[in-house]
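Where a number appears in this text, it was derived from the coordinates with a stated rule and is not lab data. In this text, all values refer to a predicted model and were calculated from it rather than measured experimentally. With ideal geometry, Cβ positions are generated from the backbone for all residues, glycine too; neighbour counts draw on all protein chains shown.
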Amino acid sequence: MNFSYCRPFGIEAELNAFDGVAETKRGAFPKGIHDVANLILSVLGEYVEVRGYGNTHWHKTLGHWVLKPDNSCGIEVCSPVSKGWLGLRNIIKVIEAFEKLSADNRCSFHVHINAADLSTKQIANVLRWWIKCEPVFFDSVPSSRKSSKFCQFFGLHAWEMCSVSDQELIDIFGFEKYFSANAYHLASGDLDTLEFRLGEHELCKNAFFVKNWVRLLIHFLEVAKDIEPDNLNWLDLEDVINFLGFNGDLSSGMEQIRDWFLARIYYNHKSQIDEFFKHMRIITSKQVNELIIKFDIDPKEALQPMLLNEVLYGKIYSS
């Protein structure tokens, strides 16, 4: 299995204003927003727009980077529509340039994945599989993101979803955008995308994390779209690894995604603050240790590789 998908996607990365002030008055700009725009320009040599408050419907109209104020953190950075390795590489270069900027717990990282070519059934399949896999994806993020009101755990409502139609499920996911994954823009007609909001502040300035997170989510969607689940029961870690095909023969790029994902779970799964999930954390602890041994993963190296430039841009890891 290799990574050869060319599905369009885009990202939103949030940064702190340079003076730490999140909110700005209408017509004003957060401190540092033009410096960030010039940084992107210097990295890519491409046009960067700084605009005021408002929606950024980049999927339909935007072919360039846009920066705008964000009242939760300061600055929001929106990529153009991107696809394939070349598109992701440009995003990686930008995030790499953000390494020394500030992105605290007020910031987060969102991924929009184009679903314009998917049928109602396929979109519903993706959303149902997200419900089933969501606990494991939550295991991979730190407690600050698990408890955020801006990426709420959808699965607690799953029992209500068992008998709804495909379109009803999409409408439910589209009612509220502050779920870990949503169809808010798709349901409203603004964008033909599904949005994944679970990424925490570290992704806003860690290029290696971004590379693997974006690819993991696109791979998840591509696997899920054509398989209708029998139920909405939550999966444990081993089930999710099997569902994603990570037990098979993988390219170096796909191994990188798998190892990074498991290392994230290894370090973050015990940070779950809700006692409701306590029993599942015991199962996850057992399984993640077994999988780390099975795949011969060094968790620290999987998250902080020594040869960073090679694992980011090396051809062997691009597919």
Next on the checklist: Looking only at the range 10-160, where both bridge partners belong to it, what percent of the DSSP beta bridges are antiparallel (to the nearest 5)?
Outcome noted: 80
Checklist entry - Sequence-distant or interchain residues sharing an amide H contact under 5 Å with Asp104, placed H: which? => result Asn16
Checklist entry - Taking springs between alpha-carbon atoms closer than 10 angstrom, which of Asp19, Asp192, Asp171 fluctuates most in the Gaussian network model of the chain? => result Asp19
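Quick check for me: using +1 on Lys/Arg Cβ and -1 on Asp/Glu Cβ, what's the dipole size of the range 97-153 about its Cα centre, in debye to the nearest 20?
The dipole of the range 97-153 has a size of about 180 debye.
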Checklist entry - Once label points are set 7 Å from the Cα along Cα→Cβ at both Arg26 and Leu232, what is their separation, rounded to one decimal in nm? => result 3.9
Next on the checklist: I'd like to know which of Leu41, Asn90, Pro135 lies farthest towards the positive end of the charge dipole of the range 9-233, counting +1 on Cβ of Lys and Arg and -1 on Cβ of Asp and Glu.
Outcome noted: Leu41
Item to check | Size of electric dipole in the range 111-261: Cβ of Lys, Arg +1 and of Asp, Glu -1, about Cα centre, debye, nearest 20 | outcome: 540
Checklist outcome for this item: For the range 9-233, the dipole about the Cα centre with charges only on Cβ (Lys and Arg +1, Asp and Glu -1), to the nearest 20 debye, works out at 500
Next on the checklist: Can you compute the label reach from Lys300? Point 7 Å from Cα along the Cβ direction, backbone N cut-off under 19 Å, restricted to the range 240-263.
Outcome noted: 259-263
Checklist entry - What label, among (i) 55; (ii) 42; (iii) 38, belongs to percent of Cα pairs over 28 Å apart computed from the structure on display? => result (iii)
Checklist outcome for this item: Once the in-chain neighbours fewer than 8 apart are removed, the lysines whose Cα is under 19 Å from Lys225 read Lys83, Lys121, Lys132
Item to check | Cut-off 20 Å (backbone N to label point 7 Å along Cα→Cβ of Ser188), residues of the range 93-111 | outcome: 108-111
Checklist entry - What length, rounded to one decimal in nm, is gained on full extension from Ser163 through to His64, with 0.36 nm per residue of separation minus their alpha-carbon distance? => result 31.5 nm
Item to check | Exposure proxy order (Cβ contacts within 10 Å, fewest to most) of Glu222, Glu168, Glu12 | outcome: Glu168, Glu222, Glu12
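Would you mind ranking Val81, Val21 by Cβ crowding within 10 Å, fewest neighbours first?
Ascending number of Cβ neighbours within 10 Å: Val21, Val81.
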Checklist outcome for this item: Taking every DSSP bridge whose two residues both lie in the chain, the antiparallel percent to the nearest 5 is 85
Checklist entry - Which whole-number percent gives the relative contact order of the range 9-233, counting Cα pairs below 8 Å spaced six or more residues apart? => result 24
Item to check | Ascending count of other beta-carbon atoms within 10 Å, so fewest first, for Lys100, Lys286 | outcome: Lys100, Lys286
Item to check | Stretch gain in nm, segment Tyr53-Lys149, where the contour uses 0.36 nm per residue and the Cα spacing is subtracted | outcome: 32.4 nm
Item to check | the chain: most fluctuating residue of Ser42, Ser271, Ser79 per GNM, C-alpha cutoff 10 Å | outcome: Ser42
Checklist entry - In nanometres, what is the gap between the two model label sites at Lys100 and Ser252, each 7 Å from Cα along Cα-to-Cβ? => result 3.0
Checklist outcome for this item: Out of Ala116, Gly199, Phe154 - ranked by how far each Cα lies towards the positive end of the dipole of the chain, with unit charges on the beta-carbon of charged residues - the top one is Gly199
Checklist entry - Using the beta-carbon distance between Leu307 and Arg89 and R0 = 22 Å, what value does 1/(1 + (r/R0)^6) give for FRET efficiency, to the nearest 0.05? => result 0.80
